[in-house]
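Here is the structure we will look at, set down as structure tokens.
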Amino acid sequence: MPQTLSTREANLFRTVIRNYEDKQYKRGLKAAEQILKKNPKHGDTMSMKALILNAQGKTEEAFALAKEALTIDMKSYICWHVYGILYRTNKNFDEAIKAYKFALKLEPDSHQIQRDLAILQIQMRDYQGYIQSRFTMLKARPHLRQNWTALAIAYHLDGNLQQAENILTTYEKSINTTPPRTDFEHSEALLYKNSIIAEMGEIERALEHLETDCKRSLDRLAVMELRARYLSQLGRNEEAAKAYRALLDRNSEHPDYYKGLVGALGIAADDEAALKSVYDEYAAKYPRSDAAKRLPLDFLTGDAFRTASKAYLTLMFDKGVPSTFANLKHLYSDPFKRDTLPVLAEEYLRECGSVDEGAGSGDSSKGKGAALYFLAQHYNYHMSRDLARAMEFVDKAIELDPKNVDFHMTKARIYKHQNEIGKAAATMDHARSLDTKDRYINSKAAKYQLRNNANEEALATMGLFTRAETVGGPLADLTDMQCIWYLTEDGEAWQRRGNIGLALKRYHTVFNIFDIWQEDQFDFHTFSLRKGQIRAYVDMVRWEDRLREHPFYFRAALDAVNLYLSMYDKPQGGANGVESGRSQLNGEDAAERKKAAKKAKKEAQKAEREAAEKAARQDPNKAGGASQKSKDGEETKKKDDDPNGTKLAATTDPLGDAMKFLGPLLQFSPKNIEGQIAGFEVYIRRGKYLLALRCLRAALALDRNHPKVQEQVDRLQKALGGALDSLAPKLQEVIKSELALVTAV
Amino acid sequence: MDIRLLRPSDIPLIQHANIENLPENYFLKYYLYHALSWPQLSFVAVDVSRPPKTPYDYPKIVGYVLAKMEEEPADGVQHGHITSLSVMRTHRRLGIAEKLMRQSQLAMVETFGAHYVSLHVRVSNKAAIHLYRDTLGFKTEKTEAKYYADGEDAYCMRLDLSFIREQLREAEEEEEADEIPKEKQQEDSSAEGRKPRTN
Amino acid sequence: TSGDVEDEVHPTAKSAEDRKAAAALSKLDTHADDEAAPGREVDQEAVKNAMNALGGGGADKKETKKVKVDAADVNLLVEELELSKPRATELLKAHDGNALEAMRAYLQPDF
């Protein structure tokens, strides 16, 4: 039953809301208690109290109270709204949507509830729901342009481009004064509409629209790029060439512009001389442009290649450009180019030799040093590898300039390829010591320490640059700052050391970071409408849709799946991988592993202790408390009750746990064969033969000669030989026919 | 190497380049905030010569400039601000940082009418100070004590962008002149020399 | 909550740099201005007509075929393909309720 309060209490209730909005939680709670003293069963007040408790981090208490409030006052939209907010802040968006819908039924005119619902719908990609919500919001406030744009976006994302365009046009027609030139929202809305027209494939119309409506757009680069693209798509080559030239005058380091220009000029792909002259023109016009000089090396052949690359190498060596090799190594797929470049570098060296060393700038990373450095990298590269010669060249370079960080860095890489992991780490650390103010070399040193399984040293190295005041030490800072490469490498090193707990812990941390990245878009659903930057927003939404295809996710997730597989195959009792008695390994091996695991655990504890001590030393007032991670400050970081991953390692269902990582792997990177192979392994162990077969089919489509895949075909056949009869008849039928397809090849 | 506008999908590797190179780090959301508020202002340098290992490889970022407009300028003057600029040490000496900065500066004026651009730099960062002051023409406004988390001071620097406004105005006048029938055009048609350019 | 947002929100941010980032992010989700945003000079009549032209409903209801699906088949797909119930039903409907076809289709690599 809706309950009425006395005037005094009604005022108090408004105070509670205000206190909540101002984040004055203590005051808010006090006021709520005052109301509840007189009206102990006032649902709305109970709900507001729950909301405040939630904001203070008392989630369970909050939910219990909000539920109680609802049972008391089912007809209060405030109770439902609060219930929705609780779900929303605890990331259960599906339940939140349901609650908001109830609230909206009770209070259809609430702008706030409708808006919150719309945000959740787009966050969950419920396009139909979002269209409905945005339509309602537009009806309520048609004078706001952003409401029109939002509805257009809703249709656009749902794939209804025509309707999206209609909506934008309808609004445009209702404006009765021309917006000033500096009206960014207007300028962007027009370009957004232009992108929709182009997306419909109506290039002719898009170009016309661009040249009329978008002529004065504030985003000049976008207009120039789109115009060039449309013109060349329409085969209007002369104008397209002009347009690409204008773009090159803006930025001569963007290969696409050259490609566009060359295409518009109609130069044949094998007319090297004509192609070269285009680039030469820009190399002359913009002497500092790298692309104009480097790109011709991609298509030139024979003597022309030799001449051009000699000129390029000479210039780069004279300048001492450290990325010279990195910028050319893609040419190595052509054996002639692969063999020519080192010869030219040697020639350069011989020519240097006749001149007095270091006579030039006195900078030994230039000239001879640069050529030696190039050759060291050349022989270290997998397509032209000769590690002994690589070492020779890098040592000569170091002799020339013993304090050069880059030279030592390459020496460390050569050691790594020689499988001298310890030496590699030591050499990289030496490189680090030569420039202790540079975080790049510091990061590399830590990475090599991790490759050498020296997790503790690596953390100490990283700690030289992480922020000293972060509670929890360097690891906490790296986690807060979403430093995925470190977490992944650290996990892999712990895994090699047999510390399953810490390895799993790191992989789960990476997983959680991706969750955060997905949630990060939440605020932008309204923010971008206010800012009016619509194309960037749509780009973001589409990227977020495939967020977990990122190799950062793939690597950590595959590590986790493989680790869970090995845990299933070799069950381990005790924490963090300490071997159990019922292991299938022989005694000696088990004892060995046990010892290693124990040692690893001790080391981990020591590292943790040291980090905590260090943190305490730096800030005695903050021995574990507030976190900087939270957006709202009031939301303090929950204490990690499993910092060493002991609970993770103690799982009784490793295959079930693996599924959390595997699902996105298969969904977002289906073309990565490693994921399909791992998927097969999980599914076959779980007796999900159809899904195992699905992974196998995908793997076969990707690379039917992969040795692992052939082995899996045999294993699936064998497994089914025993199990087929026990399966459901329809399942049997599908498996039989589909398996025949797989084994027939 | 390819210098182009930043896209949202670049952000994980921009964040990676940042944390690998610099002590000032940010959440992914802060990069998104830039990319979605002023998508015209931030640029990346991409290593295009790495052969992709999987169909899901993202272009490797070897340098970036993360830029913004000051939302509530204290002096009431529209101006841009460089939040972060970094080039991998393996990709130095190609002028990448300078090229990134020039792209950003041009867009600041074109799109948002910026009058100047400001930035902070560590007082000990000689290479960066050289770039800003000697190559790009920034002037030191003042020193901000203990600006950085480790207690180091920052120079506040700024660059007046009126030279770009001037170039844009000239280019526009030329364009309008172009639209007039040929015979009425002025003699001086060495247009290329006056187009605003960042090369 | 204009006031001193920075101090209130980020007591632990140590540097000016951090405070700037924190303040920017804390303002992302404020909705205050969409309430207060001034309407542009729009022709109210034109807007009204435009609204009417859009019709009453926002989303077009997608036509769903009426296909009978066997609950046992739905359960089989849920179990063997680990799909959600709605997704399994959808898949079956797309194949006219034929479980064999539905399963075979699901096995095809989707790239």
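What to note about this one:
- Reported count of residues in the stretch A:429-456, each being more than 27 Å from the chain's Cα centre (by Cα) and in a helix (DSSP H, G or I), is 5.
- Test: residue in the stretch A:227-234 that is of a type in the set (Lys, Arg), out of contact with any strand residue (DSSP E or B) (no Cβ under 9 Å at 6 or more places or on another chain) and within 11 Å of another protein chain (Cβ to nearest Cβ): no
- Complete set of residues in the stretch A:200-221 that are in contact with a helix residue (DSSP H, G or I) (Cβ under 6 Å, 6 or more places away or on another chain), in a helix (DSSP H, G or I) and touching a residue at least 12 places away in the same chain (Cβ under 8 Å): A:203, A:206, A:207, A:209, A:210
- Residue match in the stretch B:91-104 (condition: of a type in the set (Lys, Arg) and either over 25 Å from residue A:223 (Cβ atoms) or touching a helix residue (DSSP H, G or I) at 6+ places or on another chain (Cβ under 6 Å) (or both)): yes
- Some residue of the stretch A:495-510 being within 23 Å of residue B:8 (Cα to Cα) and part of a helix (DSSP H, G or I): yes
- Taken together, A:268, A:292 contain a single residue that is free of Cβ contacts under 8 Å to residues at least 60 places away in the same chain and either facing chain B (nearest Cβ under 9 Å) or more than 22 Å from residue B:44 (Cα to Cα) (or both), which is A:268.
- Some residue of the stretch B:78-94 being assigned to a loop (DSSP other than H, G, I, E, B) and either more than 8 Å from chain A (Cβ to nearest Cβ) or hydroxyl-bearing (Ser, Thr, Tyr) (or both): yes
- Checked against (1) within 13 Å of chain C (Cβ to nearest Cβ); (2) part of a helix (DSSP H, G or I); (3) not aromatic (Phe, Trp, Tyr), residue A:179 meets all criteria but (2).
Residue by residue, here is whether (1) crowded, with 17+ Cβ neighbours inside 10 Å; (2) in the same structural domain as residue A:525 (by TED's automatic domain parsing); (3) within 28 Å of residue A:141 (Cβ to Cβ) holds:
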| residue | (1), (2), (3) |
| --- | --- |
| A:35 | yes, no, no |
| A:42 | yes, no, no |
| A:58 | no, no, no |
| A:63 | yes, no, no |
| A:71 | no, no, no |
| A:75 | no, no, yes |
| A:81 | yes, no, yes |
| A:89 | no, no, yes |
| A:100 | yes, no, yes |
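- Checked against the criteria, residue A:188 counts as closer than 30 Å to residue B:105 by Cβ, touching a helix residue (DSSP H, G or I) at 6+ places or on another chain (Cβ under 8 Å), crowded, with 21+ Cβ neighbours inside 10 Å and in contact (Cβ under 8 Å) with a residue 60 or more places away in the chain.
- Checklist (1) more than 16 Å from residue A:561 (Cβ to Cβ); (2) touching a Lys or Arg at 6+ places or on another chain (Cβ under 9 Å) applied to residue A:709, failing item: (2)
- Of all residues in the stretch B:178-185, at least one satisfies being away from chain C (no Cβ under 14 Å), surrounded by 13 or more Cβ atoms within 10 Å (Cβ to Cβ) and modelled with pLDDT under 95.
- Across the stretch B:26-52, the number of residues qualifying as more than 8 Å from chain A (Cβ to nearest Cβ) and more than 20 Å from the chain's Cα centre (by Cα) comes to 1.
- Scanning the stretch B:1-25 for residues that are within 18 Å of the chain's Cα centre (by Cα), closer than 22 Å to residue A:525 by Cβ and either within 8 Å of chain A (Cβ to nearest Cβ) or not in a helix (DSSP H, G or I) (or both) returns B:6, B:7, B:8, B:15.
- One residue from B:28, B:5, B:41, B:22 being buried (at least 22 other Cβ atoms within 10 Å of the Cβ) and either within 25 Å of residue C:24 (Cβ to Cβ) or not β-branched (Val, Ile, Thr) (or both): B:41
- Filter result for residue B:68 (closer than 28 Å to residue A:667 by Cα, more than 7 Å from every other protein chain (Cβ to nearest Cβ) and not in a helix (DSSP H, G or I)): no
- Residue C:93 meets all of the listed conditions (1) in a helix (DSSP H, G or I); (2) within 24 Å of residue A:741 (Cα to Cα); (3) under 25 Å from the mean Cα position of the chain (by Cα); (4) not β-branched (Val, Ile, Thr) but one, namely (2).
- The C-beta contact set for the stretch A:244-262 (first residue over 17 Å from residue B:48 (Cβ atoms), second residue part of a helix (DSSP H, G or I) and modelled with pLDDT under 95, distance under 9 angstrom, 6+ apart or interchain) comprises A:249/B:192.
- All of A:436, A:427 fail the test of being over 27 Å from residue A:312 (Cβ atoms), surrounded by fewer than 20 Cβ atoms within 10 Å (Cβ to Cβ) and among the hydroxyl-bearing types (Ser, Thr, Tyr), apart from A:436.
- Only one of B:138, B:112 that is aromatic (Phe, Trp, Tyr) and closer than 30 Å to residue A:215 by Cα: B:112
- Tally, over the stretch B:135-169, of residues that are surrounded by 19 or more Cβ atoms within 10 Å (Cβ to Cβ), part of a loop (DSSP other than H, G, I, E, B) and without any contact (Cβ under 8 Å) to a residue 40 or more places away in the chain: 2
- Within the stretch A:43-71, the set of residues being touching a residue at least 60 places away in the same chain (Cβ under 8 Å) and assigned to a helix (DSSP H, G or I) comprises A:55 only.
- Of all the residues in the stretch C:64-111, those that are touching a residue at least 24 places away in the same chain (Cβ under 8 Å), touching a Lys or Arg at 6+ places or on another chain (Cβ under 6 Å) and within 11 Å of chain A (Cβ to nearest Cβ) number 1.
- Failed item in (1) surrounded by 13 or more Cβ atoms within 10 Å (Cβ to Cβ); (2) more than 9 Å from every other protein chain (Cβ to nearest Cβ); (3) at pLDDT below 75, with residue C:32 passing the rest: (1)
- Among all residues of the stretch A:190-197, there is at least one that is of a type in the set (D, E, K, R) and not in a loop (DSSP other than H, G, I, E, B).
- Test for residue A:733: is it surrounded by fewer than 18 Cβ atoms within 10 Å (Cβ to Cβ), at the interface with another protein chain (Cβ under 10 Å from one of its Cβ atoms) and over 27 Å from the mean Cα position of the chain (by Cα): yes
- Among the residues of the stretch A:158-176, those identified as in contact with a helix residue (DSSP H, G or I) (Cβ under 6 Å, 6 or more places away or on another chain) and either without any contact (Cβ under 8 Å) to a residue 12 or more places away in the chain or not in a loop (DSSP other than H, G, I, E, B) (or both) are A:161, A:163, A:164, A:165, A:167, A:168, A:170, A:171, A:174.
The values are calculated or read from the model by the stated rules, or taken from the named source; none is laboratory data. None of these values were measured; they are calculated from a predicted model. No Cβ is skipped: glycine too gets one built from the backbone with ideal geometry, and neighbour counts run over all protein chains shown.
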